[in-house]
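**Q** Provided herewith is a single structure, encoded as structure tokens, for subsequent inquiry.
The values are calculated or read from the model by the stated rules, or taken from the named source; none is laboratory data. Just so you know, these numbers come straight off a predicted model, no measurement behind them. We place every Cβ from the backbone using ideal geometry, glycine too, and count neighbours over all the protein chains shown.
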Amino acid sequence: MEEIILPEPDIYGKMSVEEALARRRSVRNFSSQPLSLKELAQILWAAQGMVKKIAGRRTAPSAGATYPLKIYAVVGRGCIEKLKEGIYYYMPRRHSIVMVKRGDYRERLAYAALGQDFIAKAPVSIIITAIYERTTSWYGKRGIRYVHFEVGHVGQNIHLQAEALGLGTVMVGAFHDERIAEILGITNDEKVLYIAPIGRPG
């Protein structure tokens, strides 16, 4: 698998946290204008990127630093500049992505998400999955709750970062788990939790 090193994330932006919070809204209408690789990189970093000043820590808190979440990007054809269509896996420690499947899977993704057509029109959808055992092995059944806390943190990070970049998104939880898992090609120990289609508001 070819690894693509992503542009370094910005840690200083033009929009304050307060303004991003005030502007935050759910967007389900996207333009066809492509995103830059830099914009995708910034979104992925906001989701699970490394905070370099604190070794091993990421942008979202995790119970016991167990980090059960995994991040995928479903990219449409011609939708991210300098990036082929396909499904990519984000590697936080290297701030890089690798393609796990080639092709434009947006239509299939929308169908698996109960026919929510706006997903097929978004240039990219971020999918968050979890391996619960990473956390439950330390915290038992209560670890399930901690995983759900964490995916909420990450979802908010994605949403606020999208606002700060002038992009739109909405957090989608209505989908057929097994169909999304099939699209991603993941195993049974990895569960799909969230879909965040992202693009420029239409």
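**Q** Take residue 37 and tell me if it is under 16 Å from the mean Cα position of the chain (by Cα), modelled with pLDDT of 95 or more and within 21 Å of residue 122 (Cβ to Cβ).
**A** So residue 37 fits the description; yes.
**Q** Return yes when residue 92 is closer than 27 Å to residue 136 by Cα, over 13 Å from the mean Cα position of the chain (by Cα), surrounded by 15 or more Cβ atoms within 10 Å (Cβ to Cβ) and touching a residue at least 40 places away in the same chain (Cβ under 8 Å) and no when it is not.
**A** No.
**Q** Residue under question is residue 64, and the condition is that it be under 27 Å from residue 115 (Cα atoms), among the small types (Gly, Ala, Ser) and not in a strand (DSSP E or B); does it hold?
**A** no
**Q** What pairs come out if I take residues in the stretch 132-147 that are touching a residue at least 12 places away in the same chain (Cβ under 8 Å) and pair them with residues that are basic (Lys, Arg) and surrounded by fewer than 19 Cβ atoms within 10 Å (Cβ to Cβ) whose C-beta lies under 7 Å away, six or more apart or interchain?
**A** 132/191
**Q** Condition first: over 19 Å from residue 15 (Cβ atoms) and out of contact with any Lys or Arg (no Cβ under 8 Å at 6 or more places or on another chain). Now tell me which residues in the stretch 160-178 satisfy that.
**A** Those that are over 19 Å from residue 15 (Cβ atoms) and out of contact with any Lys or Arg (no Cβ under 8 Å at 6 or more places or on another chain): 171, 172, 173, 174, 175, 176, 178.
**Q** I need every pair where a residue in the stretch 37-66 that is acidic (Asp, Glu) has its Cβ under 8 Å from the Cβ of a residue that is modelled with pLDDT of 95 or more and in a loop (DSSP other than H, G, I, E, B), sequence separation at least 6 or different chains.
**A** 39/165; 39/167
Results for (1) modelled with pLDDT of 95 or more; (2) more than 19 Å from residue 28 (Cα to Cα); (3) of a type in the set (D, E, K, R), shown as yes or no for each residue.
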| site | (1), (2), (3) |
| --- | --- |
| 106 | yes, no, yes |
| 113 | yes, no, no |
| 120 | yes, no, no |
| 144 | yes, yes, no |
| 147 | yes, yes, no |
| 162 | yes, no, no |
| 166 | yes, no, no |
| 185 | yes, yes, no |
| 191 | yes, yes, yes |
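**Q** Mind checking whether some residue in the stretch 131-139 is assigned to a helix (DSSP H, G or I) and among the β-branched types (Val, Ile, Thr)?
**A** Checked against the condition, which is being assigned to a helix (DSSP H, G or I) and among the β-branched types (Val, Ile, Thr), the stretch 131-139 yields at least one hit.
**Q** Quick test for you: out of 198, 186, 180, pick the one residue that is surrounded by 15 or more Cβ atoms within 10 Å (Cβ to Cβ) and either on the phi > 0 side of the Ramachandran plot or part of a strand (DSSP E or B) (or both).
**A** Answer to the check: 198.
**Q** Next question. Could you check how many residues of the stretch 80-93 are more than 19 Å from residue 181 (Cβ to Cβ), modelled with pLDDT of 95 or more and either touching a Gly at 6+ places or on another chain (Cβ under 8 Å) or not in a loop (DSSP other than H, G, I, E, B) (or both)?
**A** Going through the stretch 80-93 one residue at a time, the tally reaches 5.
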